[in-house]
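The values are calculated or read from the model by the stated rules, or taken from the named source; none is laboratory data. Keep in mind that this is a model prediction, so the values were computed, not measured. Cβ coordinates were reconstructed from backbone atoms using ideal geometry, including for glycine residues, and neighbour counts include every protein chain displayed.
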Amino acid sequence: MKTLESKSIILLHHHLKALRLPTIGAECEKVAARCAVDNHDHLTYLLEVTELELLERERKAAERRLKAARFPVLKSLESFDFTARPSVNRALVAELGRCEYLDKRENVLFVGNPGTGKTHLAISLAAAACSKGYRVRFYRVTELATLLIEARDERALLGLKGRLAKLDLLVLDEFGYVPASKTGAELLFDVVSTAYERTSLMVTTNLPFDHWTEVLGSERLTGATLDRLTHRCHIIETKGESYRLKDAKARVRKPTVSAGASVPPQESAGATEPMEGGEGTS
Ligand code: ADP
Ligand code: MG
């Protein structure tokens with residue numbers, strides 16, 4: 001009897017492997033023992049093990065999407081201190097976290113000085129999109145411009161553009177740090193233009209719109225790029241001074257303040273703007 005049982009278990013594992021159901025393979029005996037104790041019928045057992053398989057598949061797929069997005073580092077909305085950045089519309093960020101903008105092919109633009117949390121917010125929202133099943137890819141603008149130029153030189157541009165076209169969300173980080181070459185600007189415009197109403201774009205920039213010509217070179221190209229990008233677009237401004245700088249200043253200031261006078265959240269929030277250039281001389 002015992003050998004018959006172990007024979008059928010070996011066979012069962014073989015079938016589950018052939019059917020590519022590894023989680024059921026790993027869990028079936030444990031769940032069977034529990035179902036026997038709890039007096040659950042066969043269908044309940046089947047429901048339980050198939051559910052486990054599905055959940056594990058979804059988890060792995062989300063992990064793959066997260067890896068494929070190539071974020072330079074992972075960030076989450078939970079670790080973003082909204083009180084330190086009161087200009088950021090928290091309700092809008094929460095709404096974007098639900099990802100409906102992706103179904104409507106809307107864009108998101110983060111504008112603000114360096115160190116004000118643009119990339120943090122962009123990665124957090126884009127990672128939320130990955131876990132909800134959307135295909136995402138993160139690029140620094142200069143990296144994408146270089147890739148586009150190289151691809152064009154190797155006649156691989158169609159392949160690269162094909163891969164971009166399959167995305168639900170294309171994140172373009174740091175628009176404006178380095179001016180694009182004429183070819184780079186044209187190829188970037190082409191990406192923005194192709195994405196228009198097909199793929200959502202999420203762009204972070206330190207440049208106000210009236211300075212975009214400095215990066216893209218021509219006014220005509222800048223106008224056309226902005227026109228497509230800002231049509232159906234959520235704009236989030238991260239005003240104030242760099243979070244890193246503020247953090248460093250707070251650390252420098254701390255030993256000089258009396259015990260128990262550490263900066264409460266509402267005070268640090270209110271201090272974000274007036275602090276610029278005004279404090280931190282210690
Ligand atoms: P930006 O892209 O605007 O230059 P980053 O998003 O790279 O700025 O932010 C710089 C660093 O400060 C990052 O490590 C980021 O996680 C952190 N940071 C910025 N703003 C906040 C915030 N409001 N709460 C928590 N961490 C923040
Ligand atoms: Mg950044």
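Tell me which residues, restricted to the stretch 114-126, are in contact with a strand residue (DSSP E or B) (Cβ under 8 Å, 6 or more places away or on another chain) and more than 10 Å from ligand 2 (Cβ to nearest atom).
Within the stretch 114-126, Leu125, Ala126 meet the criteria.
Can we say Glu106 is modelled with pLDDT of 95 or more, within 25 Å of Thr194 (Cα to Cα) and more than 8 Å from ligand 1 (Cβ to nearest atom)?
yes
Working carefully through the options Asp103, Asp173, Asp153, Asp190, find the one that is in contact with a strand residue (DSSP E or B) (Cβ under 8 Å, 6 or more places away or on another chain) and of a type in the set (Asp, Glu).
Going through Asp103, Asp173, Asp153, Asp190 in turn, the sole match is Asp173.
Which residue is nearest to the chain's Cα centre (by Cα), if the candidates are limited to the stretch 112-141 and must be farther than 16 Å from Val73 by Cβ and away from ligand 1 (no atom under 14 Å from the Cβ)?
Ala129
Provide a single number: the residues in the stretch 162-196 that are at positive phi and modelled with pLDDT of 90 or more.
Residues flagged as at positive phi and modelled with pLDDT of 90 or more within the stretch 162-196 amount to 1.
At least 2 residues that are crowded, with 16+ Cβ neighbours inside 10 Å and either in contact with a Cys (Cβ under 6 Å, 6 or more places away or on another chain) or without any contact (Cβ under 8 Å) to a residue 40 or more places away in the chain (or both) in each: list the helices (runs of 4 or more DSSP H) lying fully within the stretch 91-200 that qualify.
Fully inside the stretch 91-200 and qualifying: 141-153, 157-165, 182-195.
Can you give me the number of residues within the stretch 214-270 that are among the hydroxyl-bearing types (Ser, Thr, Tyr), in a loop (DSSP other than H, G, I, E, B) and modelled with pLDDT under 75?
Of the residues in the stretch 214-270, 2 are among the hydroxyl-bearing types (Ser, Thr, Tyr), in a loop (DSSP other than H, G, I, E, B) and modelled with pLDDT under 75.
Quick check: anything in the stretch 230-243 free of Cβ contacts under 8 Å to residues at least 60 places away in the same chain, within 16 Å of ligand 2 (Cβ to nearest atom), out of contact with any helix residue (DSSP H, G or I) (no Cβ under 8 Å at 6 or more places or on another chain) and of a type in the set (S, T, N, Q)?
No, the conditions are met nowhere in the stretch 230-243.
Taking the conditions exactly as written (at pLDDT below 95 and within 30 Å of Ala122 (Cβ to Cβ)), does Ala84 satisfy them or not?
Spelling it out, Ala84 is indeed at pLDDT below 95 and within 30 Å of Ala122 (Cβ to Cβ).
Looking only at the stretch 55-81, which residues are under 13 Å from the mean Cα position of the chain (by Cα), surrounded by fewer than 12 Cβ atoms within 10 Å (Cβ to Cβ) and part of a helix (DSSP H, G or I)?
Lys67
List the pairs whose first member sits in the stretch 72-86 and is within 14 Å of Ser242 (Cα to Cα), whose second member is within 16 Å of ligand 2 (Cβ to nearest atom) and polar (S, T, N, Q), and whose Cβ atoms are under 9 Å apart, counting only residues at least 6 apart or on separate chains?
Phe80/Ser124; Arg85/Thr116; Arg85/Thr238
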